[in-house]
Every structure is written in C-alpha cells, then in structure tokens.
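A short reminder: the numbers here are calculations on the coordinates, not readings from a lab. Every value quoted in this text rests on a predicted model; they were computed, and no experiment measured them. Note that each Cβ is placed from the backbone with ideal geometry, even for glycine, and that neighbours are counted across all protein chains shown.
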C-alpha cells in the first residue's frame, strides 16, 4: 500500500516518432515538421498512442517479477503536454490499493496512479487505473 | 450531436504483434505462444498499447477532413477482451457533445464514446473521451 516506484528512460527519436505515426496515427502534426509548426502544437510531437506505448514499456521495466496482468481499466487518462523529438520519458507510479477479486479466486486488483514525465520533470501523461493481477501462491 | 461513425479495418498479424511487444510491452503473454497458453490469457494476445494504437489509426481513417486535435482526456478506458493473432478490428464511435472552449477562442471540445470491436462484433476496447479540436473558421 502506498508504494511508490520511479525510474526508467524511454527516448523519443525523430525517426521513430515518424515511423510509429506512419503506421498508427498519420497526422501531419506527427509526421511533418513544417505542417506541425503551423498548428497550435508549435512543432512536431509524438502520437499520444506512442506516448501510451512508452508508458507500457516503462511500467514493464519498473516491475520485474510482477505477476501476469490483464483487464486494464483506466478510470482517467490525460495527455497533458506534447512529447517532442529528443525527449526522454520516465515513470513514477504509486500503488493506491490492493484487494482480492471476489469473483475470481487466485486473482486480485491493484489500483495505481501513474505519472509519465519528460526530462524536465513535466508530466506528459497522467492516469489512474486498476489492473487485474494473478496472485502469487499463498498471497 | 449524436452522430455515429462506424467502419475501418485494422488487422493484427502474429509477427506485428510480437514486433510491437518486443519494443513496447515485452511480456511473455504477447511474445511467446507456449508461455501465453499456460496463463489465464489462454494463448498469445496483443499488447493493450498495440490495441490502443490501432484505435488511433481507425479514428484517423474514419475522420477525413477533421481539424487538428490535441489534449485528449479519457474519462474511462477498458480493455475488455484479448486481441488475438488474425483478428481484425473496426471502430464505432458516437459524438455525445460539442461545445466551444471558453478559455481558448477558436477551439472546442468534442465528447465521444468509442467502441473498438473484433471481427466477431465483440468489444475489445471501450472508452469515453473528450478531445480539444480547432474550430473551422466561422464555426
């Protein structure tokens, strides 16, 4: 309860931002520097889906040995700032609550707040979520 | 108000599921058929981040000509079913509300419900979100 985990480093390179966007979110704001500079983004920014994918990777990197997880239920997620080419993100999350899943023996819920930040310490993505987790034997 | 948009096709190939997971979510449940079969997933499934990225692409494909968007605020997102190799997802969304953004002239909010479904018509991801959108001149 109340455990805080913090760390990790996920870099956003220009080429990778464009490659991801080309497949998953081909907006000019993610693909074309000149077009992006002419919008309220004031320059090229990564897709929000790319930012969320970076969260998944940082969460994995910061939870070695954690059990199998599924059924993610995000009660709120906000994309608060653009992620720019050259940014490196890190993650801070806090475990708010843990409890058994009454309908599914051997499983439990973990409630968490997640804060994904850039190298300036500014939050780019914030979310509160509940994840279903397989309990360790005897837990 | 109340407009419903539906369609698109985003395929999940085994190789692409593993490639995405290798970069963004390297859990055995997304990378290793035998390991995944031994978990409550009952087989390999795509990363939830991959599913969300497919949503971004389908939303783009279904909204040609829509204005620049940002500041996505998801008030709830649930990953309800696994996405399997060979699945093809489509999107149905409904516009719940549109209103001007009082603090930022020229911008507005659009509230929507999104329902991402597999080829059997079963929902794999459901979310409610608000997106900030640049108003068209004269809107």
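Checking residue B:75 against (1) over 18 Å from residue A:49 (Cβ atoms); (2) surrounded by fewer than 18 Cβ atoms within 10 Å (Cβ to Cβ), only one condition comes out false. Which one?
Tallying (1) over 18 Å from residue A:49 (Cβ atoms); (2) surrounded by fewer than 18 Cβ atoms within 10 Å (Cβ to Cβ), residue B:75 fails exactly one: (1).
One residue is enough: does the range A:89-104 have a residue meeting the conditions more than 24 Å from residue B:78 (Cα to Cα), in a loop (DSSP other than H, G, I, E, B) and more than 11 Å from every other protein chain (Cβ to nearest Cβ)?
no
Give the residues of the range A:35-75 that are more than 10 Å from chain B (Cβ to nearest Cβ), free of Cβ contacts under 8 Å to residues at least 12 places away in the same chain and in contact with a helix residue (DSSP H, G or I) (Cβ under 9 Å, 6 or more places away or on another chain), sorted by residue number.
Across the range A:35-75, the qualifying residue is only A:42.
Filter the range A:105-139 for residues that are within 13 Å of chain B (Cβ to nearest Cβ) and part of a loop (DSSP other than H, G, I, E, B); which is surrounded by the fewest Cβ atoms within 10 Å (Cβ to Cβ)?
A:105
Of the residues B:71, B:86, only one is touching a strand residue (DSSP E or B) at 6+ places or on another chain (Cβ under 9 Å), under 22 Å from residue A:24 (Cα atoms) and part of a loop (DSSP other than H, G, I, E, B); which? Reasoning before the result, please.
Numbers: B:71 fails: part of a loop (DSSP other than H, G, I, E, B).
The match here is B:86.
Collect the residues in the range B:47-68 that are out of contact with any strand residue (DSSP E or B) (no Cβ under 9 Å at 6 or more places or on another chain) and either surrounded by fewer than 15 Cβ atoms within 10 Å (Cβ to Cβ) or assigned to a loop (DSSP other than H, G, I, E, B) (or both), keeping them in residue-number order.
B:47, B:64, B:65
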